[in-house]
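A.B. asks: Below: one structure in structure tokens.
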Amino acid sequence: GTGVLHISGGTFLHVLDGSIILYDYSQIIADEGIILVSGGSILGYDFSQIYADNSTLITVEGGNITVTNDSTLTATGQSHVIVTTTNTTEGAVYAQGSSNVYISEYSILEVIEGNLEISDFAVVTNTDNS
């Protein structure tokens with residue numbers, strides 16, 4: 001089923017050694033929030049949405065962000081998405097299967113010592129001074 005995780009107003013979510021997994025139209029909506037995933041990933045499948053707005057910070061340490069099967073990762077409104085590598089795991093952003101990554105309005109997608117991989121009709125768009 002559809003689920004929504006809403007992080008707003010300076011709220012902080014920390015997932016340690018686990019992942020956030022979205023299926024079937026589920027969403028993470030972060031508005032001035034902070035999401036930290038340490039030793040795990042954020043995975044969006046089947047029309048799911050990861051949305052960061054209004055100076056949101058999303059950091060994935062030693063994992064990846066994957067959007068696949070028509071899912072979307074959006075960073076807008078001066079938000080910052082960071083994916084980092086650890087001593088044991090390389091970080092990456094994967095866009096697959098007609099999925100979209102949108103970076104706009106002075107936002108940043110930063111992959112440190114990892115990969116941005118785009119395949120199977122996925123699109124990455126960077127606009128508005130991002």
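The values are calculated or read from the model by the stated rules, or taken from the named source; none is laboratory data. On a predicted model such as this, the values are computed, not experimentally measured, just so you know. When we count neighbours, we look across all protein chains shown, and the Cβ atoms used for this are built from the backbone with ideal geometry, even at glycine. Note: areas computed on protein heavy atoms with side chains; ligands, DNA, RNA excluded. Shrake-Rupley method; radii C 1.70, N 1.55, O 1.52, S 1.80 Å.
A.B. asks: Report the residue count in segment 32-72 for those that are among the hydroxyl-bearing types (Ser, Thr, Tyr), touching a Ser or Thr at 6+ places or on another chain (Cβ under 6 Å) and either surrounded by 23 or more Cβ atoms within 10 Å (Cβ to Cβ) or within 16 Å of Ile112 (Cα to Cα) (or both).
C.D. replies: 4
A.B. asks: OK, next. Only residues that are over 11 Å from the mean Cα position of the chain (by Cα) and not in a strand (DSSP E or B): list them for segment 64-75, please.
C.D. replies: Within segment 64-75, the first condition is being over 11 Å from the mean Cα position of the chain (by Cα), and the residues that meet it are 68-70.
Asn69, Asp70, listed by residue number.
A.B. asks: For the subset of segment 96-116 comprising residues that are in a strand (DSSP E or B) and more than 14 Å from Leu43 (Cα to Cα), which member is least open to solvent (accessible area, probe 1.4 Å)?
C.D. replies: Quick first cut of segment 96-116, residues in a strand (DSSP E or B) only: 100-103, 108-111, 115-116.
Next cut, more than 14 Å from Leu43 (Cα to Cα) only: 102-103, 108-111, 115-116.
Working: Tyr102: 90, Ile103: 11, Ile108: 80, Leu109: 46, Glu110: 68, Val111: 43, Asn115: 61, Leu116: 82 Å².
Out of the qualifying residues, it is Ile103.
A.B. asks: Which one of these does Leu109 not meet: (1) farther than 21 Å from Ser26 by Cα; (2) in contact with a Leu (Cβ under 7 Å, 6 or more places away or on another chain)?
C.D. replies: (2)
A.B. asks: Among the numbered criteria (1) over 26 Å from Phe121 (Cα atoms); (2) open to solvent by 70 Å² or more (accessible area, probe 1.4 Å); (3) part of a strand (DSSP E or B), which single criterion is violated by Asn87?
C.D. replies: It fails just one condition, (3).
A.B. asks: Out of (1) part of a strand (DSSP E or B); (2) more than 10 Å from the chain's Cα centre (by Cα), the odd one out for Val93 is which?
C.D. replies: The single condition Val93 does not satisfy is (2).
A.B. asks: Follow-up. Kindly provide the set of residues from segment 3-51 that are touching a Gly at 6+ places or on another chain (Cβ under 7 Å), closer than 21 Å to Ala95 by Cα and either assigned to a loop (DSSP other than H, G, I, E, B) or touching a residue at least 40 places away in the same chain (Cβ under 8 Å) (or both), ordered by number.
C.D. replies: Gly18, Ser19, Leu22, Asp24, Ser26, Gly39, Gly40, Ser41
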